[in-house]
Amino acid sequence: MWLQVKMLQHTKLNKKGVSIMIGYVLLVTSAVVMGVIVYQWIKTYVPTETLECPEGVSIFLKEYSYDCDLKELNITLKNNGRFNVAGYFIHGTNDSTQELATIDLSSYTPLGKDKGGSVLFGTTNSFEPSEGITSSFDLSNSDIGQLYSIEIFPVRFQEEKGKNRFVSCGNAKIKETINCKIIIESSCNSVWEPPENEGVVCDGGEHCIDAGEENECTCELGYLPNENGECELITCVTGQAIGDLDGDEDIDNEDAIIVAKIYSEELPEPENICCGDVYQNEDIDILDALLISQIINGDRESPGVC
Ligand SMILES: [Ca+2]
Ligand SMILES: [Ca+2]
């Protein structure tokens with residue numbers, strides 16, 4: 001009797017399992033069928049023949065200058081293809097995380113005003129092979145902010161079935177990251193910040209940066225000037241407080257940042273890590289940055305000196 005009941009239960013469970021399976025199969029099948037129907041329907045909306053540029057259409061960005069303060073962009077394009085070109089589309093991004101350039105820049109240059117989103121050199125394909133042309137974009141009255149990259153592709157007028165058509169040449173696209181023009185030349189090849197480094201000449205070499213004032217320079221975070229005025233990677237010396245990586249006799253945020261940069265490999269590990277290894281496990285890691293921040297907050301004391 002007990003066995004019969006058990007078997008009955010088992011069969012019931014099995015049946016339940018089968019009906020769930022059938023449900024899934026039906027669901028998947030209906031999704032596939034729906035997909036096919038939608039695809040067939042959408043297909044009718046896509047033109048069978050797209051207008052294409054001849055393969056030999058090509059332009060390249062010969063040079064550019066971008067003044068971030070005045071918000072002015074100058075680009076020089078060269079036609080290095082085999083065909084004449086009428087103009088180009090230009091779009092930009094103002095954020096490094098933006099994959100697609102979506103900001104239309106055409107209206108900020110005279111030849112792009114009221115041209116429906118393109119920059120046109122004339123009413124025909126007037127930009128000839130091996131010619132160069134410079135366009136200036138005044139973005140000072142725009143709310144674009146700082147440009148990060150631009151994308152350009154040529155456009156052409158083409159005869160198709162007796163009609164003059166306007167085609168864009170997406171396969172000849174140019175993509176370029178835009179950097180600001182360095183307006184103030186670095187003055188690092190002069191004197192270190194007085195008074196403590198008075199007379200020490202900074203050679204303007206690696207990791208040396210402008211301190212902001214004229215004739216003042218300093219080293220990047222994590223580097224310190226040596227007696228020759230060169231920026232050397234910090235290292236820990238005997239007697240240096242543990243937690244004070246830059247050796248300025250103060251444990252502060254900069255020390256925590258240096259540790260974090262070493263940990264994330266933005267900075268190389270110093271030869272002697274003693275002053276950075278607050279947790280004292282023979283390694284510079286994120287725990288050390290945490291302990292330094294606790295020292296800064298007064299919740300902890302430096303474990304001692306190197
Ligand atoms: Ca320090
Ligand atoms: Ca450590």
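Quick look at the numbers
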quantity	calculated
Near pairs, Cβ below 8 angstrom, 6+ apart or cross-chain, from the stretch 268-284 (over 18 Å from residue 257 (Cβ atoms)) to any residue that is away from ligand 1 (no atom under 16 Å from the Cβ)	281/287
Cβ-Cβ under 7 Å pairs, at least 6 apart or on other chains, the stretch 159-186 side closer than 18 Å to residue 77 by Cα, far side polar (S, T, N, Q) and modelled with pLDDT of 90 or more	172/58; 175/149; 176/149; 177/149; 178/149
Among the residues listed as 278, 305, the single one being of a type in the set (A, V, I, L, M, F, W, C) and either modelled with pLDDT under 95 or more than 8 Å from ligand 2 (Cβ to nearest atom) (or both)	305
The stretch 240-287, residues that are within 17 Å of residue 219 (Cβ to Cβ), more than 11 Å from ligand 1 (Cβ to nearest atom) and not hydrophobic (A, V, I, L, M, F, W, C)	261, 266, 268, 270, 271
From 142, 130, residue being on the phi < 0 side of the Ramachandran plot and small (Gly, Ala, Ser)	142
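The values are calculated or read from the model by the stated rules, or taken from the named source; none is laboratory data. Keep in mind the model is a prediction, meaning the values are calculated, not measured. Every residue, glycine among them, receives a Cβ derived from its backbone with ideal geometry; neighbour counts consider all protein chains shown.
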